[in-house]
1. Show me, for region 64-72, the HN-Hα J-couplings you get by feeding each phi into the Karplus relation (A = 6.51, B = -1.76, C = 1.60, θ = phi - 60°), rounded to Hz, glycine and proline as x.
2. Would you please classify the overall shape of region 1-125 from the alpha carbon gyration tensor, given that a ≥ b ≥ c denote the square roots of the eigenvalues, rounded means a/c under 1.5, and beyond that prolate means a/b larger than b/c while oblate covers the rest?
3. Rank Met18, Met110, Met1, Met86 by accessible area, highest first, at a 1.4 Å probe radius?
4. Where a ≥ b ≥ c are the square roots of the eigenvalues of the C-alpha gyration tensor, would you call region 16-55 rounded, which needs a/c under 1.5, or, failing that, prolate if a/b is larger than b/c, or oblate?
5. So what are the ³J(HN,Hα) numbers for region 132-140, from phi and the Karplus equation (6.51, -1.76, 1.60; θ = phi - 60°), rounded to whole Hz, Gly and Pro as x?
6. Where a ≥ b ≥ c are the square roots of the eigenvalues of the C-alpha gyration tensor, would you call region 60-190 rounded, which needs a/c under 1.5, or, failing that, prolate if a/b is larger than b/c, or oblate?
7. What residues qualify as long-range amide H neighbours of Leu164, i.e. H under 5 Å apart, gap of 5 or more or another chain, H built at 1.01 Å from N?
8. Can you tell me which of Pro50, Pro25, Pro126 moves the most in a GNM of the chain? Springs connect C-alpha atoms under 10 Å apart.
Amino acid sequence: MPFTSLATASPEDWRRIMAEERTMPYGTRAAGLLMMMLKQQRDDDAFGLPVNTYQHCLQTATRVANAGESPELIVCSLFHDVPEKMAPFSHGAVIADILAPFISERNEWMLRHHPAFQQYHFVERPGLNRDARDAFRGSPHFTYAARYCEIYDQNSFDPGFAALPLAHFEAIVETYFRRFDSLDSLRIAP
């Protein structure tokens, strides 16, 4: 009889579960779900911005790719704002948590804090603390996050920018995440 609560799972149940976990293609699964979430935003409203989140993510990833940055940073850029409409005040933390097992510590940190770094560029927005990023000045990743927002993120709201189509990024995403199909390949936080 199968267990009905975690507290009643037997050692045999746990051995079976752990064996199944070892066969799950974590990277491929995460890539597919993230691509699905991004694709679902293709025709979303822009909510007053010049472009919607889908177009913004494509523009950001295109700028990163055109600059010759790593596949990891391309992946981060493609998905950096995907959770924004679901978690407008915590989307940086949400995407950082989702991608954490698959990316470096510095990119996780940058994603987690990029909303505060973006505020620096909201020059004319009333009631917003442009200096919110200053709370992170002691971090070894401060300059990296500031550079990312300055060069790639804050200027990717241009309706005239020729962003690469999502199809261009599909192989990059697939290849990048496939490396993480094994449980042993994931970066697990201590």
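The values are calculated or read from the model by the stated rules, or taken from the named source; none is laboratory data. In this text, all values refer to a predicted model and were calculated from it rather than measured experimentally. Quick reminder, even Gly has a Cβ in these numbers, built from the backbone with ideal geometry, and neighbours come from all protein chains shown. To get the accessible areas, we keep the full protein, side chains included, count just its heavy atoms, and leave off ligands, DNA and RNA. Shrake-Rupley method; radii C 1.70, N 1.55, O 1.52, S 1.80 Å.
1. 5, 5, 4, 7, x, 6, 5, x, 4
2. Prolate shape, in that a/c is at least 1.5 and a/b is the bigger ratio.
3. On the way: Met18 110, Met110 0, Met1 210, Met86 135 Å².
Accessible-area ranking of Met18, Met110, Met1, Met86, largest first: Met1, Met86, Met18, Met110.
4. In terms of gyration-tensor shape, prolate.
5. 4, 5, 4, 5, 10, 4, x, 6, x
6. oblate
7. Long-range HN contacts for Leu164: Thr62.
8. The residue with the greatest mean-square fluctuation here is Pro126.
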